[in-house]
């Protein structure tokens, strides 16, 4: 079988419910909707960490954050771990990337050392701009604003998040154009290819250029419900500090509406770039032989629960879009089965006709969506983790004190288990339990209600079972399985 190409498109901080194909009637995403109609579109897909680096490393290793050990942004990766691109490179693929990687160190040279043949990096974080190929390109074009602030906004437009920079010089446009240039370069080769096209947006801050900024000026935005101080006080300590870190609960409805409009505009801008890239696949005759993946690393609570950003286990932060297209093998349709980002690497390798890396920890869902011959074991639960000092400080002023934790909060680590009906979150000494059928907005914490003791106990047990078994492939080498003959002699020693 000829190897199938892979085009992996990732947005950053894009909620599941902010695409037209996923039920949002306000946002305009015709190209992503077109892709969804041709894809296996997953309606119950969850990220394993509600923050960039841990989530992305899970996508690329197939391992949970506690196992790949990237728990916070900009921490060094475990050098013993291989990533998706290196596995594919060993299998004969040409590999390339454009846009946000979020590796540390955040340089192109380091990115290439992880298994990419070539690519251009733009992490979008001010501290890393000196390493950004996009920022360097802006300078070459004579379009880098004074002081380097390419996120500056205009003050003479109704939408206060209207970017001063022109659309053709915006980072989203740049990422799309560079992705297509790389696609043409990969097409000229003789090997199958893997291209990771990774957009910074719709990540905050919310600046977006014209014509996208005014696209939703007249869109009515129904703001999330405001929560009283008593609700904030009832949250686990780390989550409470997160909610109060920037006064997010006090934003006016008008200001919040403009954030949503700008967020939608950024999504529509990405949609244009996705459409142009899909059109190029058609033009090059690659559409039938290329596996196209579109997803997001995590979502954004967008002021729900009195909070801003991600870093929580609410569905708006961990429930993300995933669609996979390959007409040769994948059956298009909506799939409601619970899936998670640990599952993608194993499933992708099956779709490519490859064996999954031994250390990956997900479940192969390729047999659900395509004729791969691989067995499909449906999940009853998905999991997530969160240990982010920034969450409870609002800045980088966090200092860990042995036996005291950070600002009096011991080890701000939390675990989530979610079924179709229930979600249970465990913090050190605190719990949350939500009835997702009766309370889909996750506003009523039932952990202290004695009527649900049995439900909580079962979920807590399943969470413990997961914590015990998740690292089996990391801790038990295949070479331990030694076959003996009837006389006790060695017959075979499995080493891979």
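The values are calculated or read from the model by the stated rules, or taken from the named source; none is laboratory data. Everything numeric in this text was worked out from a predicted model, so none of it was measured. No Cβ is skipped: glycine too gets one built from the backbone with ideal geometry, and neighbour counts run over all protein chains shown.
Residues in region 111-129 that are in contact with a strand residue (DSSP E or B) (Cβ under 8 Å, 6 or more places away or on another chain), on the phi < 0 side of the Ramachandran plot and not in a helix (DSSP H, G or I): 7 in all.
Any residue at all in region 297-316 that's outside any loop (DSSP other than H, G, I, E, B) and in contact with a strand residue (DSSP E or B) (Cβ under 6 Å, 6 or more places away or on another chain)? No, the conditions are met nowhere in region 297-316. Among the residues of region 1-18, those identified as over 30 Å from residue 94 (Cβ atoms) and either in contact with a helix residue (DSSP H, G or I) (Cβ under 7 Å, 6 or more places away or on another chain) or not assigned by TED's automatic domain parsing to the domain that holds residue 85 (or both) are 15, 16, 18. When the residues of region 354-368 are filtered to those that are without any contact (Cβ under 8 Å) to a residue 40 or more places away in the chain and part of a loop (DSSP other than H, G, I, E, B), the one that is surrounded by the fewest Cβ atoms within 10 Å (Cβ to Cβ) is 355. Number of residues in region 265-288 that are assigned to a helix (DSSP H, G or I) and either modelled with pLDDT under 95 or out of contact with any strand residue (DSSP E or B) (no Cβ under 8 Å at 6 or more places or on another chain) (or both): the value is 11. Checked across region 181-200, the condition of being free of Cβ contacts under 8 Å to residues at least 12 places away in the same chain and either more than 30 Å from residue 3 (Cα to Cα) or not assigned by TED's automatic domain parsing to the domain that holds residue 115 (or both) holds for no residue.
Every residue, every condition in (1) within 30 Å of residue 126 (Cβ to Cβ); (2) part of a loop (DSSP other than H, G, I, E, B); (3) at pLDDT 95 or above, yes or no:
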residue	(1), (2), (3)
67	no, no, no
72	yes, yes, no
81	yes, yes, no
85	yes, no, yes
109	yes, no, yes
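Every residue, every condition in (1) surrounded by fewer than 24 Cβ atoms within 10 Å (Cβ to Cβ); (2) free of Cβ contacts under 8 Å to residues at least 24 places away in the same chain; (3) under 14 Å from the mean Cα position of the chain (by Cα), yes or no:
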position	(1), (2), (3)
46	no, no, yes
55	no, no, yes
78	yes, yes, no
89	yes, no, no
